[in-house]
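The values are calculated or read from the model by the stated rules, or taken from the named source; none is laboratory data. As the structure is a prediction and not an experimental result, all values here were calculated from the model. With ideal geometry, Cβ positions are generated from the backbone for all residues, glycine too; neighbour counts draw on all protein chains shown. For the accessible areas, the whole protein counts, side chains as well, though only heavy atoms, and no ligand, DNA or RNA atoms are used. Shrake-Rupley method; radii C 1.70, N 1.55, O 1.52, S 1.80 Å.
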Amino acid sequence: MHLDTPNVAADDSREVRVNEVLQAMTLNEKADMLCGDGMWHLRGIERLGLPQIRLTDCGHGIAATGQARTAATCFPTAIGQASTWNPELIERLGAALGREVRATGNAVLLGPMVNIHRTPLNGRSFECFSEDPLLTGKLAAAFIRGVQSQGVGACIKGLTANNQQKDQMELNVVMDERTLREIYLPNFKIPLQEARPLGLMTCYNGLNGQHSSASRHLLREIVKDEWGFQGFIVSDWRGTHSPQVVEAGLDLEMPGPGKFMRQEDILAAVDEGRLTHDDLDDRVRRLLRAIISVMPVVAAGDAYADELDCPEHRAVARQVAEESIILLKNEDRLLPLDCQRLRTIAVIGPSAEQALLGPRGSAAVAPSRSVGPLQGLRDCCDENVQIIYEEGCGLLGEGIVIYPQFLTPTGGRPGASGFAAEYFNNSTLEGPPILSTLQPQIDFAWGTASPGAYVGRHGWSVRWTATLTPPVSGRYQLGAFGHHGGVRLYVDDQLVLDDWGQLADTQLHQQAATPERYGRRVEVELKADHPVALRMEFRKTLHTAAARLEWTVPGWADSVERAAVAAAAADVALVCVGLNCLHEGGTLDRQDLSLPGRQRELIEAVATANPNTIVALFGGGPLEVEPWIGSVRAVLQAWYPGEEGGHALADILLGKVNPSGRLPDTLPRRLEDTPAWGHYPGNGTEVRYEEGIFVGYRHYDAKGIEPSFPFGFGLSYTDFSFSNLALSSPTMAAEDTLQVRVDVTNTGQRAGQEVVQLYLGDLQASLPRPPRELKGFAKVHLEPGRQTTVTFTLTPDDLSFFDPQANIWRAEPGTFEVQIGRHLGHGPSTRFDYAG
């Protein structure tokens, strides 16, 4: 059942029950409802049969929220989901997430996050969909429909203009009403009206002098009165700053016990006349709707436990990852690779071995299993293809990670390689481990996620043990490094490196009380083929964890040089580069668009050594490609592709899946070209959105700035043509709709999917308008030689802009241009006249 076509009988039945409960509640019980019960619960009323309901993050998997069971399916992050341009698939993803919400004993998912990508430096761009509000809104609506189809609720976040992490807690965003209405609110309005989530969350920053949780203009005037939203509005955690939240229209303060909406605060507001009894009843009614909606799931207890991280969900994660990967360059059709002709593939880069799951922050997800690019290719290639691996450079240390072929895990099965790992739910390695596993090497960036099933997100420790067999004799440098964690290193049970560090408060918003990185290098004398016992210990001391063990081997070349040598010996080289939780995520914006560390140097060295070099980019937002893209033959944008990302990338590279991802953001040539350049990050307390409505592609199109790749761009292994663009009429009146039709043909030799995109431009506007705006899209699958007709319907709303003088939306008479193609600026166009 889709919630944009509501079940009237079910709604009526729920409202009857809501009114019955409301009439039976005392004033004290009503006042008590408006504040959370601890960190993750809405209050229930036992005497009236109302249970507590539990909330959980986030938008690409279930983030552990103080529960023992910490592992769940990790899907691609939101920017990858948006790259599919496939609402039906995202609805399936939402349904899988809904099932995992109830499987973990939760009832409401705190997602999706739908803020617009104003600047590519935003550390939480990965958690939001796009720079365009229509694409964002339609995909968010699909996501919510999927989640709520499983009997649980979704809570969309965070209203509004939360477009940077820097200074967000103190930041006042200043923008005009037209910009608010055209860019930063449609992405909320569309899913609120089409999918009706149970909840809406405010954000940390302020808007035009009011914190979002205290903005009556946003919460009461627009969301509740103008849009008719019937769900509850909740603050972001610790996101209330004044008693004004009561009058503004906030329904729930989180977490409990709260600061301004405690029972005594609400009773005082009623006594003083700042909150009427009708207002209080309205807020309680909204919370009751949510509780009563999800009560069947809560009552079911652990009946859904088998749905967590199941094969069906892993299959959805793989398909979303496959459709999210964008082929940006494919010179001379190097891709797809032909396994029948290949003998060797060099897999290189700091993002090659580990699966890239997402940055730091509340959205961090811990899967029970994950597949990186290296393992993905090993699993998917024919047996006759040899896979060569060299890291090339690291993102935490500066040496070479100790590879598994030199390691025998303590107590491991015969033939096993790597480390035996034991994880503990304490900071002192005491007692029996909560998780024991084998890990090929120590190079992890967990961020704020749990490192494994049943390991808590905070206050854990790990011990890795193995026998190390040195390849040569001489003085080695061993380097043990930690980020927000203490490290110790032992050789033959002798402590050779000790940076155990001090424990600190692990609250998410606690500032670092200790240095971010511990660890250093130590020299040891080792003999060739003389095994030594190696032990590394790590404990998490703050909220973002990473660890690495590396070495410098006597006589070995520099790590980049070794990668180039490996590339030269291979038929094809795949270089996996990008970002991880050390560079972006909750509380952390990026500094620039460049690849961190030696990654650009690595790409250039590999490309010089092997003319068949492919680059796969990982991260939560656009990266600068101009300095090196001319030297490589193929480039893929993979974002954070989730636990099945390695298999998905291999499927694309080997042609088992035809790439169909399309850019949800413009990829700029340089940071100075981006819309917010000069207007970010503000002065620490205020940031002014001087670019107005010209965000994302609207900016590049209006200014005539050529990006590296335009909005909506993506290549395929087949070819599509667009023809016979036609309108149902050459004119349109105020009460009319207009049908736009185009024929799409697969003119290539492979089956594939094309994203048909409709852009509309107002050629005679009285106010500045973007040259073109996305007004519709459809993803179609076609076999070779087949054709389909795609039809879009335009309404006067699609032609409208917000008139700040009249404070209304209106469409002006004049000429409009329609363009349909595979990305912004591509494809046939035609015009029609709007009579008004």
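Numerical summary
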| read-out | value |
| --- | --- |
| Among PHE129, PRO433, TYR697 the positive-end extreme of the charge dipole of the chain (Cβ point charges) | PRO433 |
| Of LYS138/LYS779; LYS157/LYS703; LYS138/LYS189; LYS189/LYS779, those spanning more than 20 Å from alpha-carbon to alpha-carbon | LYS157/LYS703; LYS189/LYS779 |
| Of all accessible heavy-atom area on the chain, the percent that carbon and sulfur account for (1.4 Å) | 46 percent |
| Exposed-loop-free span, longest in the chain, where chymotrypsin sites (Phe, Trp or Tyr not before Pro) count as exposed if DSSP calls them loop and at most 15 other C-beta atoms lie within 10 Å | 228-555 |
| DSSP H segments from the chain that extend 30 Å or more along their own axis, Cα-based, with Kyte-Doolittle mean of -0.5 or above | 277-299 |
| Global geometry of the stretch 350-393, whether rounded, prolate or oblate, following the gyration tensor of its Cα atoms and the 1.5 cut on a/c | oblate |
| Residue-averaged [θ]222 nm for the chain, counting only DSSP H segments that reach four residues, each worth -39500 (n - 2.57) | -6000 deg cm²/dmol |
| Charge dipole (the chain, unit charges on Cβ, about Cα centre) - positive-most of VAL385, GLY621, PRO451 | VAL385 |
| Net +/- balance of residues flanking THR747 in space, Cβ distance below 13 Å, scoring K and R +1, D and E -1 | -1 |
| GLN23 paired with ARG333, simple spin-label distance in nm, labels 7 Å along Cα-to-beta-carbon | 7.3 nm |
| Under Karplus coefficients 6.51, -1.76 and 1.60, residue-wise ³J(HN,Hα) of the stretch 160-165 in Hz, glycine/proline x | 9, 6, 8, 10, 7, 8 |
| Dimensionless Rg over Rh [the stretch 261-372; C-alpha; Kirkwood] | 1.25 |
| Label-point separation in nm, ASP797 to LEU48, each point 7 Å along Cα→Cβ | 3.4 nm |
| ³J(HN,Hα) computed for each position of the stretch 728-738 - Karplus, 6.51 cos²θ - 1.76 cosθ + 1.60, integer Hz, glycine/proline x | 5, 7, x, 9, 9, 9, 4, 9, 8, 10, 10 |
| Rounded accessible area per residue of the chain, 1.4 Å, Å² | 34 Å² |
| Cα gyration tensor shape of the chain, rounded if a/c is under 1.5, else prolate or oblate by comparing a/b with b/c | oblate |
| Shape call, the stretch 637-759: gyration tensor on alpha carbons, a/c limit 1.5 | oblate |
